[in-house]
1. State which residue pairs qualify: first residue within 9 Å of chain B (Cβ to nearest Cβ) and over 17 Å from A:Ile37 (Cα atoms) and inside the stretch A:156-167, second residue aliphatic (A, V, I, L, M) and part of a helix (DSSP H, G or I) in any location, beta carbons under 8 Å apart, and separation of 6 or more residues or different chains.
2. With the requirement that a residue be small (Gly, Ala, Ser) and at the interface with another protein chain (Cβ under 8 Å from one of its Cβ atoms), what does the stretch A:19-45 give you?
3. Does the stretch A:103-127 hold any residues that are buried (at least 18 other Cβ atoms within 10 Å of the Cβ) and touching a residue at least 40 places away in the same chain (Cβ under 8 Å), and which are they?
4. I'd like to verify a number: residues in the stretch B:22-42 that are small (Gly, Ala, Ser) and within 7 Å of chain A (Cβ to nearest Cβ), how many?
5. With respect to B:Gly74, is the statement that it is of a type in the set (Gly, Ala, Ser) and under 26 Å from B:Arg119 (Cβ atoms) true?
6. Does A:Arg157 meet the test of being basic (Lys, Arg), surrounded by fewer than 18 Cβ atoms within 10 Å (Cβ to Cβ) and at pLDDT 90 or above?
7. Just give me the residues in the stretch A:4-47 being of a type in the set (Asp, Glu) and either loosely packed, with under 14 Cβ neighbours inside 10 Å or not in a helix (DSSP H, G or I) (or both), in sequence order.
8. Looking only at residues in the stretch B:51-65 that are closer than 14 Å to A:Val46 by Cα and in contact (Cβ under 8 Å) with a residue 12 or more places away in the chain, which one is farthest from the other protein chains (Cβ to nearest Cβ)?
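The values are calculated or read from the model by the stated rules, or taken from the named source; none is laboratory data. These figures come from a predicted structure and were not determined experimentally. Positions of Cβ are generated from backbone atoms using ideal geometry, with glycine treated the same way; all protein chains shown enter the neighbour counts.
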Amino acid sequence: MSIIGFLTWVDNLPSSIALRESIWAYPIVESLHSIGIALFVGLLLVWDLRLMGYGLTSLPVSRVWSRLIPWITGGALLMMATGVMLFFAKPLYFWANVYFRVKLVTLVLAALNAAAFHFGIEKHLANWDAGERIPIAARIAGGASMALWAGVIVFGRFIAYNWYPQLF
Amino acid sequence: MSVLLLFQWVESTTIAKAINGSLYAFAYIEAIHLLALAVLGGAVLLVDLRLTGLLLKDQPVRSLERVVRPWFRGSLALILVTGLFLFASLAATKYYQHPYFWVKMYCLAGALAFTFTVRNPVATGDSARSNSFFGRLVGLVSILLWSSVALAGKAIGYIS
């Protein structure tokens, strides 16, 4: 079955139709998704800046990480849950939109950047507390994270504009 | 002088007409508005979550507020300026009669007043007070006020 075939099947599900035609549910989910930006990206920014050596410099790097990560994770879960619900409500609309696909690619890159950091240099966080200069790889990860998430936000906003014809 | 006349004048300015006439200007300004929201969110939440006692409890609020201050001021300035340009493009035609525009403005006035007259003095002041139940309340009220600004802004988009 093709992607479009599968998405058409999802699009026709009663629960999908109910969500996109709802008076309150869809607006609430979308509001949580867009306001959640302030929580998720906002706190992630604090971490990325610390990784690059700015902001909470009086706090050891590993301490900033351990304090912020529960909140950043919670924010990420909120964004993922609301994002999946939004897509579930209008799968064909989003899949036909260029900016949605670009947003998805940027999102995957941001996730890969986070994974590379998590499975790579994150284990050395405690070493950097001891006064070692934060390695350049970590700083690049922080900068890339900021740029990629800014891209996700902007491309997400541009979905609503009809500058580009639908892809199918 | 009526508010409507003022809004009509704003909408007639060259810059407002330029934004309104352009296919992309509004969207790009709004994108910057959203990015500023992300930074402002982080700056506000870092101090307010600390005030409510949920985050970074071993750090004095005062030092968090000091670290965050340039980011708070910068993102606030950017979001207000971009907001002004967004408003200007359709001041009288759309926003004057838009219910949620006024809700957002009142909430914004409230959030700004509360932040600069209560929340910041509490955060930078006596630590016995900022760590007390009163401090938690101040943090909670601040989060609620800023959230209502954001939600009202989102609601504007729903009724065009």
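1. A:Tyr161/B:Ala27
2. Those that are small (Gly, Ala, Ser) and at the interface with another protein chain (Cβ under 8 Å from one of its Cβ atoms): A:Ser31, A:Ser34, A:Ala38, A:Gly42.
3. Within the stretch A:103-127, A:Lys103, A:Thr106, A:Leu107, A:Ala110, A:Leu125 meet the criteria.
4. Matching residues across the stretch B:22-42 total 5.
5. Numbers: of a type in the set (Gly, Ala, Ser): yes; under 26 Å from B:Arg119 (Cβ atoms): yes.
Yes.
6. For A:Arg157, the condition - basic (Lys, Arg), surrounded by fewer than 18 Cβ atoms within 10 Å (Cβ to Cβ) and at pLDDT 90 or above - is not met.
7. A:Glu21 - this is the single residue of the stretch A:4-47 that is of a type in the set (Asp, Glu) and either loosely packed, with under 14 Cβ neighbours inside 10 Å or not in a helix (DSSP H, G or I) (or both).
8. So the first thing to find is which residues in the stretch B:51-65 are closer than 14 Å to A:Val46 by Cα, and the list is B:55-56, B:64-65.
Now restrict to residues that are in contact (Cβ under 8 Å) with a residue 12 or more places away in the chain: B:64-65.
On the way: B:Leu64: 8, B:Glu65: 12 Å.
That would be B:Glu65.
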